Amino acid sequence: MRIGVFGGSFDPPHIGHIIFSIDAQEQFNLKKIIWIVTKIPSHKEQAKADYNSRLKMCEIATSPFQSIEVSDIERNLSEPNYTFNTLCKLKNVLDRDKINYKKLFLLIGEDQAKTLNDWYKIEKLSKTVHFIVMKRKGEESNNIEEIPFECDYIDRYIDVSSSELRDRVKDCADIKMFVPNGIAEFIDRENLYRNDNC
């Protein structure tokens, strides 16, 4: 079985996350994609929404897609949540559940790919996963020297980010066109990312 792993804060999840996942599944013949909701990011600032809210949003966002499963494997891991440690734990779970897989395919953004040399135990990690990289608008992907490890690209630009959506919510702007069904309503109901003027 070919399994994709997509880790992130998902703060909030948006249509770009879904598109990246489905593109990767189709282009690389992945049986399923596991979204791992990061509890404490090791390379980014702390998430704005709490862990349970982000986990619930991911479950809502992926509910129409049987091939995408949401994992809370980082809920009880020690902090910070390095990718290497998380994937070791995931492999233990897959082995315990007797899921036959050969290699994990790690989905990352192009900005992350260019910092791989700084990742915790990257040499060991690079031998156990294959990187699938999503291009970002304005990034130059053809300069392979900037990417220190072998990887494949998803040839699609998605010009939407979680930070942009948080800013839109804070500014009382609509985000429904950027997020899967149910996410905007959840954010409104739970009063996430808003200021007192909305």
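Observations, loosely collected:
- Restricted to the stretch 73-101, and to residues there that are of a type outside the set (Ser, Thr, Tyr) and under 14 Å from the mean Cα position of the chain (by Cα), the residue that is surrounded by the fewest Cβ atoms within 10 Å (Cβ to Cβ) is Ile73.
- Restricting the stretch 40-72 to residues that are surrounded by 20 or more Cβ atoms within 10 Å (Cβ to Cβ) and of a type in the set (Val, Ile, Thr) leaves a set whose member that is farthest from Asp167 (Cα to Cα) is Ile68.
- Residue match in the stretch 15-34 (condition: modelled with pLDDT of 95 or more and touching a Pro at 6+ places or on another chain (Cβ under 7 Å)): yes
- From the options Ala49, Ala113, residue that is of a type in the set (Gly, Ala, Ser) and under 23 Å from Asp152 (Cβ atoms): Ala113
- The stretch 151-183, residues that are aromatic (Phe, Trp, Tyr) and in contact (Cβ under 8 Å) with a residue 60 or more places away in the chain: Phe178
- Per the listing Phe65, Phe20, Phe6, the residue uniquely closer than 21 Å to Asn100 by Cβ, of a type outside the set (Gly, Ala, Ser) and out of contact with any Lys or Arg (no Cβ under 7 Å at 6 or more places or on another chain) is Phe6.
- Pairs meeting the criteria (first residue in the stretch 82-97 and at pLDDT 90 or above and β-branched (Val, Ile, Thr), second residue in a loop (DSSP other than H, G, I, E, B) and crowded, with 18+ Cβ neighbours inside 10 Å, beta carbons under 6 Å, at least 6 apart or on different chains) are Thr86/Glu74.
- Among the residues of the stretch 126-148, the ones that are modelled with pLDDT of 80 or more and of a type outside the set (A, V, I, L, M) come to 5 in all.
- Residue in the stretch 157-178 that is surrounded by 12 or more Cβ atoms within 10 Å (Cβ to Cβ), under 17 Å from Ala49 (Cβ atoms) and among the aromatic types (Phe, Trp, Tyr) present: yes
- The residue list Val70, Val133 contains one member that is over 21 Å from Asp152 (Cβ atoms) and touching a Cys at 6+ places or on another chain (Cβ under 7 Å), which is Val70.
The values are calculated or read from the model by the stated rules, or taken from the named source; none is laboratory data. Bear in mind that the values here come from a model prediction, so they are computed numbers and not experimental data. Backbone-built Cβ (ideal geometry, glycine too); neighbour counts: all protein chains shown.
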